[in-house]
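Below is one structure, written out as structure tokens; comments come after it.
Bear in mind these aren't lab numbers, they're just calculated from the coordinates by the rules spelled out. Everything numeric in this text was worked out from a predicted model, so none of it was measured. Positions of Cβ are generated from backbone atoms using ideal geometry, with glycine treated the same way; all protein chains shown enter the neighbour counts.
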């Protein structure tokens, strides 16, 4: 969840299945919860119909806005899904896992992807 917008991604059976962007972000404050619940419920229903799949088991939110007070609880109640804040992890130069703040999720994912792509074999 970013400042001005939020991305919604569904990974189903190990593959990227659904990607949408919402023009609602943390700048709206806690009012964003109702807008996100409405939008997410619509997207979940569209996903279910198109992919012939059930609802996801949980929702993982990341980005600086994910730490907005009351957001995880509000989404959980409105969507009927467990909601977790995602804290990315990368290993430091010694190989020790380091937990990063949620606002670094995209950067950590891109760094991890690049690292994995460069591994031999």
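Observations on the structure shown:
- Spin-label model, residue 67/residue 100: points 7 Å from Cα along the beta carbon direction are separated by 1.4 nm.
- Here residue 35 and residue 58 are evaluated by their C-beta separation; at R0 = 25 Å the FRET efficiency comes out at 0.75.
- When both bridge partners sit in the chain, DSSP labels roughly 75% of those beta bridges antiparallel.
- Separation of the residue 92 and residue 50 label points, Cα + 7 Å toward Cβ, nm: 4.2
- Ellipticity at 222 nm from helices only: DSSP H runs of n ≥ 4 in the chain, each -39500 (n - 2.57), divided by the residue count, give -11500 deg cm²/dmol.
- As computed over the stretch 1-58, the Cα convex hull volume per residue (Å³): 78
- Degrees separating the helix 105-118 axis from the principal Cα axis of the chain, which is the longest one: 40
- The stretch 67-104 and the stretch 1-44: distance between their alpha carbon centers, rounded to Å: 15
- The Kirkwood hydrodynamic radius of the chain, based on inverse pair distances between different Cα atoms, is 15.5 Å.
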